[in-house]
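Contents: one structure, followed by commentary.
The values are calculated or read from the model by the stated rules, or taken from the named source; none is laboratory data. What you see is a predicted model; the values in this text were computed from it and never measured. Cβ sites come from the backbone with ideal geometry, for glycine too, and all protein chains shown count toward neighbours. With ligands, DNA and RNA removed, areas are computed over all heavy atoms of the protein, side chains included. Shrake-Rupley method; radii C 1.70, N 1.55, O 1.52, S 1.80 Å.
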Amino acid sequence: LAFPKDIGDLKPIKKLGGSTGAELVEDPQTGKQFVMKRGSSAQHLREEINADKAYQALGVSVPKFRLYETDDGPVKLAEFIEGKPLSALSKADQQKALKKIQKDFVADALLGNWDVVGLQKDNILIDPKGKVYRIDNGGSLRYRAQGEPKREAWNDYPQELWSMRDRSINSQAADVF
């Protein structure tokens, strides 16, 4: 995937929702589409990039991405994945995807990705070939999904091995794990 050298010429297509301003953009030179994010703060966005790098190192699929340093702060540009969120799959396809998602539960727990599934089961995409992607990892490591620090909840102990399977703490993740 060729990323543009400069993000200044990218054409906005539409807002993608979420709490940190994800936007679908297109490179007019190539016609390639990307997801552009600034995060709730520079630190939050950098933490999301670090989570994506850790996922890659652990063999978990995330969209290819690049960090751009701008006068207004860092910007993340990620490959746009054509796919469906977990919530939009048929029951049979959801069962197939769940097996793949569950295989990487320990990575999600160790990275403290409290929002791995997403409030509407929309942070995991499945492409037309059935490949599973974690697409919004801003709730990993030291930050919550909307950018607030986790403070003392992020520590040396991977309590997410239990809390992400506890319906009273995280019902969306418990439905999956």
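Take residues that are among the acidic types (Asp, Glu) and open to solvent by 60 Å² or more (accessible area, probe 1.4 Å) and tell me which of the helices (runs of 4 or more DSSP H) falling wholly in the stretch 1-119 contain 1 or more.
Working: elements: 42-57, 91-103, 105-110.
Where helices (runs of 4 or more DSSP H) fall fully within the stretch 1-119 and carry at least 1 residues being among the acidic types (Asp, Glu) and open to solvent by 60 Å² or more (accessible area, probe 1.4 Å), they are 91-103.
Scan the stretch 142-177 for residues that are buried (at least 18 other Cβ atoms within 10 Å of the Cβ) and either in contact with a Pro (Cβ under 7 Å, 6 or more places away or on another chain) or not acidic (Asp, Glu) (or both) and jot them down.
Of the stretch 142-177, the ones buried (at least 18 other Cβ atoms within 10 Å of the Cβ) are 143-145, 147, 160, 164, 170, 172-173, 176-177.
Of everything in the stretch 142-177, those that are buried (at least 18 other Cβ atoms within 10 Å of the Cβ) and either in contact with a Pro (Cβ under 7 Å, 6 or more places away or on another chain) or not acidic (Asp, Glu) (or both) turn out to be Tyr143, Arg144, Ala145, Gly147, Met164, Asn170, Gln172, Ala173, Val176, Phe177.
For the stretch 107-116, which residues satisfy the criterion of being over 15 Å from Pro63 (Cβ atoms) and aliphatic (A, V, I, L, M)?
Ala107, Ala109, Leu110, Leu111
I'm checking my understanding of the structure. Among residues of the stretch 123-134 that are farther than 21 Å from Trp162 by Cα and without any contact (Cβ under 8 Å) to a residue 60 or more places away in the chain, which one is surrounded by the fewest Cβ atoms within 10 Å (Cβ to Cβ)?
As a first pass, look at the stretch 123-134 and keep what is farther than 21 Å from Trp162 by Cα: 125-133.
Checking which are without any contact (Cβ under 8 Å) to a residue 60 or more places away in the chain leaves us with 125-130.
Values: Leu125: 22, Ile126: 22, Asp127: 13, Pro128: 8, Lys129: 6, Gly130: 12.
The residue in question is Lys129.
Kindly indicate the residue of the stretch 117-130 that is farther than 13 Å from Ser61 by Cβ and hydrophobic (A, V, I, L, M, F, W, C) and also farthest from the chain's Cα centre (by Cα) among those meeting that condition.
Top of the filtered list is Leu119.
From (1) among the acidic types (Asp, Glu); (2) in contact with a Gly (Cβ under 6 Å, 6 or more places away or on another chain); (3) over 23 Å from Glu160 (Cα atoms), pick out the condition that doesn't hold for Asp93.
Of (1) among the acidic types (Asp, Glu); (2) in contact with a Gly (Cβ under 6 Å, 6 or more places away or on another chain); (3) over 23 Å from Glu160 (Cα atoms), only one is false for Asp93: (2).
Filtering the stretch 121-177 down to residues that are part of a loop (DSSP other than H, G, I, E, B) and among the small types (Gly, Ala, Ser), which residue is nearest to Glu48 (Cα to Cα)?
Step one: of the stretch 121-177, the residues part of a loop (DSSP other than H, G, I, E, B) are 121-123, 127-131, 135-142, 144-148, 150, 154-159, 164-170, 177.
Retained after the next criterion (residues that are among the small types (Gly, Ala, Ser)): 130, 138-140, 145, 147, 168.
Working: Gly130: 24, Gly138: 5, Gly139: 8, Ser140: 7, Ala145: 9, Gly147: 10, Ser168: 26 Å.
Among residues in the stretch 121-177 that are part of a loop (DSSP other than H, G, I, E, B) and among the small types (Gly, Ala, Ser), the one nearest to Glu48 (Cα to Cα) is Gly138.
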